Amino acid sequence: MEVLMDKDGLRRQILHKRLSMSAAERADKQVRILKHLLTVPHLQQAETILLYLDFRGEVETEQIFRWGWNAGKTMAVPVSKPAERKIIPVRLNSFEELTAGPYGIREPDMHVQLAAGHLNALPDALSVQELDVVIVPGVAFDRKGGRLGYGGGYYDRFLPQLRPNALKIGIAYQLQMVEQLPMETHDIPLDLIVTEKSVYHGRRAAF
């Protein structure tokens, strides 16, 4: 695919393709994505993993959470703080504690405390420095670790805070892969992109 400089046009194109998949096609691809993801040694060795909760056609993450819990790992989710366009990592222990967040994405129900500025009162809030692996959503990715998000800039602000050795992974359907994305100076490339076809090594050579 050619490089598309119009980010909004590319978003519309990819999102349309993603939502157009049948349920059977989506389910088959998700099984293969999980299989490829679990071959990553750094993920297997990680103690604390931040993972998004899927929304509007994204690769579903429920089975990844269940794998992590069964393996005794600390599984965290991003809680958004819209006033600052900020992500806070929060431990997730079950799906029962979720509610719709500011954008309709499922999050632990703690926005009353966040609005009052009581972050220290949240027992499940984690330090960014505790994260060993971060698995991020996105609209489009390229083989060099480039990522096109949804335009809010949340992960652009969050990823630079990670430890240098924390692994950054994008998971996506192959149809979300493009030849090259236009990258800006503030963009943080991912280390790996995992699709139903392959594991692409981006920023770093191997893990």
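Read-outs throughout are calculated quantities, based only on the coordinates presented, and are distinct from any laboratory measurement. What you see is a predicted model, and the numbers here were worked out from it, not measured in a lab. All Cβ positions, glycine included, derive from the backbone under ideal geometry; neighbour counts span all protein chains shown.
If a spin label sat at a point 7 angstrom from the Cα of Leu126 along the line to its beta carbon, the backbone N atoms of the stretch 60-79 nearer than 11 Å would be those of 69, 73-78.
Put a plus charge on the Cβ of each Lys and Arg, a minus charge on the Cβ of each Asp and Glu, and nothing anywhere else: the dipole of the chain about its Cα centre is then about 340 debye. Annotation: amide H of Ala125 within the under-5 Å range of Arg91, sequence separation 5 or more or interchain, hydrogens built in the peptide plane.
The order of the peptides 82-88, 96-102 by mean Cβ neighbours within 10 Å, most packed first, is 82-88, 96-102.
From most to least packed by mean Cβ count within 10 Å, the peptides 137-144, 126-133, 178-185 give 137-144, 126-133, 178-185.
Taking θ as phi - 60° and the Karplus parameters 6.51, -1.76 and 1.60, the scalar couplings of the stretch 147-164 work out to 9, 10, x, 9, x, x, x, 4, 6, 4, 7, 7, 4, x, 7, 5, 4, x Hz in sequence order, x denoting glycine and proline. Over the chain, Cα pairs under 8 Å with separation of 6+ residues give a relative contact order of 25 percent. For the stretch 7-16, the Karplus equation 6.51 cos²θ - 1.76 cosθ + 1.60, evaluated at θ = phi - 60°, returns couplings of 5, 5, x, 5, 4, 4, 4, 5, 4, 5 Hz by residue, with Gly and Pro reported as x. Spacing of the modelled spin labels on Ala24 and Glu97, each 7 Å from Cα toward Cβ, amounts to 3.9 nm. Subtracting the Cα-Cα distance of Glu62 and Gln161 from 0.36 nm times their residue separation leaves 33.1 nm of extension gain. A straight line joining the Cα centroids of the stretch 27-84 and the stretch 93-107 runs 15 Å. Against the compact-protein benchmark of 2.2 N^0.38 Å, the Cα-based radius of gyration of the chain scales to 0.98.
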